[in-house]
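This report refers to the structure that appears directly beneath it.
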Amino acid sequence: MSDTAFNLIAPYIQRASGRSLWLADENLLSANIPANEAVIAITNRIDLEQHLFRQDWKVFFSDYDLSIIEDNSLDSVIYRVSKEKPVVHHLINEAFRCLKPEGKLYIAGEKGEGIKTYFSKAKKLFGEGETSKADKNTWSATLTKVNASSEDLLDAKDFHQLRVTASDETFEYYSKPGVFGWDKIDRGSAYLIEHLDSFLMTLPEPPKNALDLGCGYGYLSLNLSHLDIPVTATDNNAAALKACERNFNRYPINGKVIPASCAEGITEKFDLILCNPPFHAGFSVDGDLTDRFLKAAHDRLNGRGVACFVTNMHIPLERKAKQFFHQAECIASNGNFKLIRLTHKT
């Protein structure tokens, strides 16, 4: 699927010279641009890192840690803005730090994503800028670093700092900006855990291991700890992996955290798989993404194992799951969320 905002700045990536940085975000998963030797890419998504690596890009996977870039060393930075404001603010600040005097930041995004506000704040920081638009909803901007002072840095909410952002009777959860739902307990995940014990009673025998597919900061994994079984948590987002590891280290979790996109590269089979996939409120219902999560659960589930997905009520997961599983049934719902029990084809 083509992204109009990214198309506005793609030419800057293609013709960049000198020393340039491409901040590659999840919006760009369908991007296919020939590698430019003048450009390095940094992304917080392991799937995008692998995608760009296969296209011969010099690419780094991190939680947008730009410490490898020296101050005042870049000629240009190219960035299609992210979904979350603290991430955008952090990367605009880092672009200012890394760019040479008169260096350029090329950004683009949609009006509903706050691109006009980002431009206004960034122009105050950089000192000079101009905008253009593809249509009434999609804008791009070129910002030139003429200010030497960084007094007008944008509020990035201490982007790199892990902090306790949510808690319940059992755990305090460390998280940070950049993790989906970073500052709360997701209501869908909480609903799954509320019904976990009754769900486990449907298993033919107690599970010997578990997979948290798309773990985020590790809420589901931590709430499996009372089972005293090995838990594998996996996510494709660098911030999520960092937060999940912190929570595993704080509590006595018999687990490991693995960077992977939809469990790609994980060969172990599991008796129990839990998943709160990212196709609910705030995300588009992506058919291909749905299929990928379901196939990942199918491929990693033991023959007698059971998977449980929690989704919004309007997601037709049962129908989609029938191509992968012998049985897909709704075992609980509350008007907002439903739990889907999936058992393997035999």
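The values are calculated or read from the model by the stated rules, or taken from the named source; none is laboratory data. Predicted model, so just to flag it, every value in this text is computed and none were measured. Ideal geometry is used to build each Cβ from the backbone, glycine not excepted, and the neighbour counts take in all protein chains shown. Surface accessibility is based on the protein's heavy atoms, side chains included, excluding ligands, DNA and RNA. Shrake-Rupley method; radii C 1.70, N 1.55, O 1.52, S 1.80 Å.
If we scan the range 7-22, do we find a residue that is touching a Leu at 6+ places or on another chain (Cβ under 8 Å), open to solvent by less than 20 Å² (accessible area, probe 1.4 Å) and not aromatic (Phe, Trp, Tyr)? Looking for residues that are touching a Leu at 6+ places or on another chain (Cβ under 8 Å), open to solvent by less than 20 Å² (accessible area, probe 1.4 Å) and not aromatic (Phe, Trp, Tyr), one finds at least one in the range 7-22, hence yes.
Is at least one residue of the range 66-77 out of contact with any helix residue (DSSP H, G or I) (no Cβ under 8 Å at 6 or more places or on another chain), open to solvent by 40 Å² or more (accessible area, probe 1.4 Å), at pLDDT 95 or above and among the small types (Gly, Ala, Ser)? For the range 66-77, residues out of contact with any helix residue (DSSP H, G or I) (no Cβ under 8 Å at 6 or more places or on another chain), open to solvent by 40 Å² or more (accessible area, probe 1.4 Å), at pLDDT 95 or above and among the small types (Gly, Ala, Ser): present. A count restricted to the range 226-250 and to residues that are touching a helix residue (DSSP H, G or I) at 6+ places or on another chain (Cβ under 7 Å) and in a loop (DSSP other than H, G, I, E, B) stands at 1. In this structure, does Ile253 turn out to be at pLDDT 95 or above and either in a loop (DSSP other than H, G, I, E, B) or of a type outside the set (Gly, Ala, Ser) (or both)? Criteria not met by Ile253.
Filtering Ala134, Ala148 for residues that are out of contact with any His (no Cβ under 6 Å at 6 or more places or on another chain) and either under 14 Å from Arg80 (Cα atoms) or touching a residue at least 60 places away in the same chain (Cβ under 8 Å) (or both) leaves a single hit, Ala134.
Which residues, counting only those in the range 39-81, are aromatic (Phe, Trp, Tyr), in a loop (DSSP other than H, G, I, E, B) and under 19 Å from Pro11 (Cα atoms)? Of everything in the range 39-81, just one residue is aromatic (Phe, Trp, Tyr), in a loop (DSSP other than H, G, I, E, B) and under 19 Å from Pro11 (Cα atoms), namely Trp57. Of the residues in the range 181-193, at least one is among the basic types (Lys, Arg) and assigned to a loop (DSSP other than H, G, I, E, B).
On the stretch given as the range 144-187, residues that are among the aromatic types (Phe, Trp, Tyr) and open to solvent by less than 30 Å² (accessible area, probe 1.4 Å) total 3. Taking into account only those residues within the range 301-346 that are part of a strand (DSSP E or B) and polar (S, T, N, Q), which is least open to solvent (accessible area, probe 1.4 Å)? Per the criteria, the residue is Thr311. Within the range 135-143, not a single residue is of a type in the set (Val, Ile, Thr) and open to solvent by 60 Å² or more (accessible area, probe 1.4 Å).
Just the residues that are open to solvent by 10 Å² or more (accessible area, probe 1.4 Å) and either in a strand (DSSP E or B) or aromatic (Phe, Trp, Tyr) (or both), please, taken from the range 97-111. If the condition is that a residue be open to solvent by 10 Å² or more (accessible area, probe 1.4 Å) and either in a strand (DSSP E or B) or aromatic (Phe, Trp, Tyr) (or both), then Lys100, Pro101, Glu102, Lys104, Tyr106, Glu110 are the ones that fit. Is it true that some residue in the range 121-129 is open to solvent by 60 Å² or more (accessible area, probe 1.4 Å), out of contact with any Lys or Arg (no Cβ under 9 Å at 6 or more places or on another chain), under 25 Å from Gly181 (Cβ atoms) and in a strand (DSSP E or B)? Checking the range 121-129: not a single residue is open to solvent by 60 Å² or more (accessible area, probe 1.4 Å), out of contact with any Lys or Arg (no Cβ under 9 Å at 6 or more places or on another chain), under 25 Å from Gly181 (Cβ atoms) and in a strand (DSSP E or B).
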